[in-house]
1. With of a type in the set (D, E, K, R), under 17 Å from the mean Cα position of the chain (by Cα) and farther than 30 Å from GLU366 by Cβ as the only criterion, which of ASP44, ASP71, ASP27 stands out?
2. Could you say which residue among LEU145, LEU203, LEU154 is closer than 28 Å to VAL280 by Cα and of a type outside the set (D, E, K, R)?
3. Hey, among SER59, SER126, which residue is open to solvent by less than 50 Å² (accessible area, probe 1.4 Å) and not acidic (Asp, Glu)?
4. Among all residue pairs at least 6 apart or on different chains, which show Cβ distances below 8 Å where the first residue, located in region 296-313, is closer than 11 Å to VAL324 by Cβ and open to solvent by 40 Å² or more (accessible area, probe 1.4 Å) and the second is at pLDDT 95 or above and among the small types (Gly, Ala, Ser)?
5. Among the candidates PRO66, PRO81, single out the residue that is within 20 Å of the chain's Cα centre (by Cα), without any contact (Cβ under 8 Å) to a residue 12 or more places away in the chain and either outside any helix (DSSP H, G or I) or surrounded by 20 or more Cβ atoms within 10 Å (Cβ to Cβ) (or both).
6. Scanning for something touching a helix residue (DSSP H, G or I) at 6+ places or on another chain (Cβ under 9 Å), open to solvent by 10 Å² or more (accessible area, probe 1.4 Å) and in a helix (DSSP H, G or I), does region 129-141 turn up at least one residue?
7. Considering only region 200-216, state which residues are touching a residue at least 60 places away in the same chain (Cβ under 8 Å) and part of a loop (DSSP other than H, G, I, E, B).
8. Does at least one position in region 157-166 carry a residue that is basic (Lys, Arg) and closer than 30 Å to ALA295 by Cα?
Amino acid sequence: MTPKAHPDPLAHIRDLFDLDDDVVYLDGNSLGAPPKNVAERVHDVVTRQWGRRLIRSWSEGWWEAPERVGDRIGRLVGAAPGQVVVADSTSVNLFKALMAAVRGTGRAEIVVDAGTFPTDGYIARSVAELTGLALRPADPDHLDLDGTTAVVLLNHVDYRTGRLLDMAKLTEQVHAVGAQVVWDLCHSAGVLPIELDRLNVDLAVGCTYKFLNGGPGSPAFLYVPTDAQPRFHQPLTGWTGHQAPFAMSPDYTPDPGVSRARAGTPDIISMLALDAALDVWDQVDLRDVRAKGLALTAHFRDLVADLPGIEVITPDDEWRGHQVSLRHPDAATLMRRLVERRVIGDHRPPDVLRFGFAPLYNTFEEAERAATTLKELL
């Protein structure tokens with residue numbers, strides 16, 4: 001298999017990113033690379049919007065930014081306008097979603113993906129402790145749900161192995177027992193077409209600094225479908241989620257729409273940096289992103305599968321995200337030496353090497369260079 005066997009309709013998109021040509025950056029599943037237009041946009045936010053317009057900028061687009069940017073992300077995750085809001089962190093949004101999902105159900109347990117990203121497990125445990133519900137970790141292949149299950153929290157893509165779960169099948173399985181499902185999209189948003197509305201997903205959360213390239217610490221997003229918004233009673237009833245935030249009423253009345261999922265004042269500089277980063281998606285078809293991502297990961301997988309001491313733990317079929325995870329007993333040292341040679345992936349203890357492929361800017365040539373470098377080190 002060679003790069004020439006893979007036409008690349010996204011080749012021109014790489015020019016939109018600020019990347020060093022001598023670095024192979026395969027860690028977009030942890031922190032995406034910056035689009036070139038972000039620096040100029042942030043400069044404008046600081047020097048003109050904040051520096052010259054000052055507080056007037058709140059009424060000139062700042063206040064509505066969480067919903068406006070949310071709609072831009074909604075297009076990438078299969079959500080109609082008015083159902084995604086950008087605010088806070090993934091952990092905070094997950095807390096909101098789980099608390100809203102268990103409220104008033106009268107059910108006894110929260111089920112969480114046993115291999116979940118740690119923060120999801122921590123937050124789920126906090127919600128269980130606060131509500132008196134039991135927390136039960138379960139393998140997504142064997143959820144064993146029944147009428148006592150209130151909510152199931154699942155990671156769309158496993159952060160360690162890169163395995164992709166079947167959102168349609170599992171959502172239907174959860175609904176069959178009358179429970180709700182919360183999907184964590186951190187490793188799939190910006191990776192493949194997602195169809196939240198069509199699949200009747202109850203709630204979803206995700207970060208924006210990975211494949212959406214929003215920048216370190218950029219705000220996360222929360223999906224609340226239109227028909228669920230009237231009963232979405234989140235626990236963090238901050239002023240920006242109020243129906244009339246500037247009325248300064250002593251009583252809390254939630255906004256009737258997705259804005260009720262807001263809590264505190266939005267981080268405008270990070271929010272508008274994310275807004276600028278999302279511009280690259282205006283030129284992209286997610287079907288092309290998915291096709292290239294599968295081809296890139298398959299090509300890299302083929303190149304490293306037979307290397308000595310390497311075990312590939314990422315699925316070899318289409319049920320994977322855009323990463324390839326390898327197991328090696330000296331993974332930490334290997335990754336350190338790869339980074340020294342300007343091939344940047346990451347290590348997850350104790351023995352996993354992760355290589356995240358962002359189709360907007362990664363190339364087949366980079367996959368080959370990374371594999372060649374790894375082979376030399378081994």
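The values are calculated or read from the model by the stated rules, or taken from the named source; none is laboratory data. In this text, all values refer to a predicted model and were calculated from it rather than measured experimentally. Neighbour counts run over all protein chains shown; Cβ positions are idealised from the backbone, glycine included. With ligands, DNA and RNA removed, areas are computed over all heavy atoms of the protein, side chains included. Shrake-Rupley method; radii C 1.70, N 1.55, O 1.52, S 1.80 Å.
1. Within the list ASP44, ASP71, ASP27, the selection yields ASP71.
2. One residue alone meets the criteria, LEU203.
3. Going through SER59, SER126 in turn, the sole match is SER126.
4. Qualifying pairs under 8 Å: LEU303/ALA367; LEU303/ALA371.
5. Matching residue, one of PRO66, PRO81: PRO81.
6. Yes - at least one qualifying residue is present in region 129-141.
7. ASP202, CYS207, THR208, TYR209, LYS210, PHE211, LEU212, ASN213, GLY214, GLY215, PRO216
8. The answer is yes; a qualifying residue exists.
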